[in-house]
Amino acid sequence: RSFRMLLAEPESDDLLDTLWDEVGRNLPFSGEVACRRGDGSLCTLELTVSPLPEEASTASRCLVLCRDVSSRKRSERELQDLAFYDPLTGLANPRLMRERARQMLALARRNGSLAALLHIDLDHFSAVNRQFGRSTGDEALRMLAERLRQGLRESDSLARIGSDEF
């Protein structure tokens with residue numbers, strides 16, 4: 001069977017074409033490719049392919065090293081999410097909101113249009129945590145975030161900028 005059947009993404013075909021081209025020219029290759037395991041789950045493989053030339057100038061065999069880097073890629077995605085998204089609500093965090101606000105203002109200036117920013121601060125929310133517990137308060141914040149999200153247009157942005165501020 002062809003190695004291509006293991007590939008999970010169409011872009012991987014281009015990567016393999018590059019791999020075969022490099023190896024065909026007796027050059028080493030290294031890159032990452034998304035594949036499917038035997039159980040159908042996705043994984044990311046880091047490939048290092050070194051041609052093993054014989055007497056002829058072209059390689060007829062290769063040394064291939066594969067390493068499953070799925071957990072590292074997952075950790076990188078999680079760190080990226082933590083850098084820009086609130087872990088409790090999944091909304092943008094203050095850092096991402098500042099960038100979105102800058103873009104919104106620049107677009108409004110360029111188009112000669114208006115922009116609006118709404119700040120919501122839940123007064124006395126700490127009392128909810130004290131009376132009902134932090135887990136109940138967290139669930140209330142998640143529910144509020146979801147309700148706010150449902151009221152947005154595609155072009156709108158929502159962020160949690162403080163413990164009880166949106």
Problem - Looking only at the stretch 12-26, and only at residues there that are of a type in the set (D, E, K, R) and open to solvent by 50 Å² or more (accessible area, probe 1.4 Å), the one that is modelled with the lowest pLDDT - result: Asp13
Handout entry: Flag if Ala145 is in contact with a Gly (Cβ under 8 Å, 6 or more places away or on another chain) and under 23 Å from Asp81 (Cβ atoms)
Key = yes
Problem - Matching residues, the stretch 134-166, being free of Cβ contacts under 8 Å to residues at least 40 places away in the same chain and either open to solvent by less than 70 Å² (accessible area, probe 1.4 Å) or not in a helix (DSSP H, G or I) (or both) - result: Thr136, Gly137, Ala140, Leu144, Leu148, Gly151, Leu152, Arg153, Glu154, Ser155, Asp156, Ser163
Practice task
Exactly one condition in (1) open to solvent by 50 Å² or more (accessible area, probe 1.4 Å); (2) in a loop (DSSP other than H, G, I, E, B) is not met by Arg61; state its number.
Solution key: (2)
Practice task
Among the residues of the stretch 101-133, count how many are within 17 Å of Leu158 (Cα to Cα), open to solvent by 100 Å² or more (accessible area, probe 1.4 Å) and part of a helix (DSSP H, G or I).
Solution key: 2
Exercise for the section: Restricting attention to the stretch 76-100, report how many residues are open to solvent by less than 60 Å² (accessible area, probe 1.4 Å) and part of a helix (DSSP H, G or I). Expected result: 5
Practice task
Test Arg110 against the stated conditions and say whether it is in contact with an Asp or Glu (Cβ under 7 Å, 6 or more places away or on another chain) and at pLDDT 95 or above.
Solution key: no
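The values are calculated or read from the model by the stated rules, or taken from the named source; none is laboratory data. Being a predicted model, the structure only gives us computed values, none of them experimental. Methodologically, a virtual Cβ is constructed for each residue, glycine included, from the backbone with ideal geometry; neighbour enumeration extends over all protein chains shown. When the accessible area is computed, the model is the full protein with side chains, heavy atoms only, and any ligands, DNA or RNA have been set aside. Shrake-Rupley method; radii C 1.70, N 1.55, O 1.52, S 1.80 Å.
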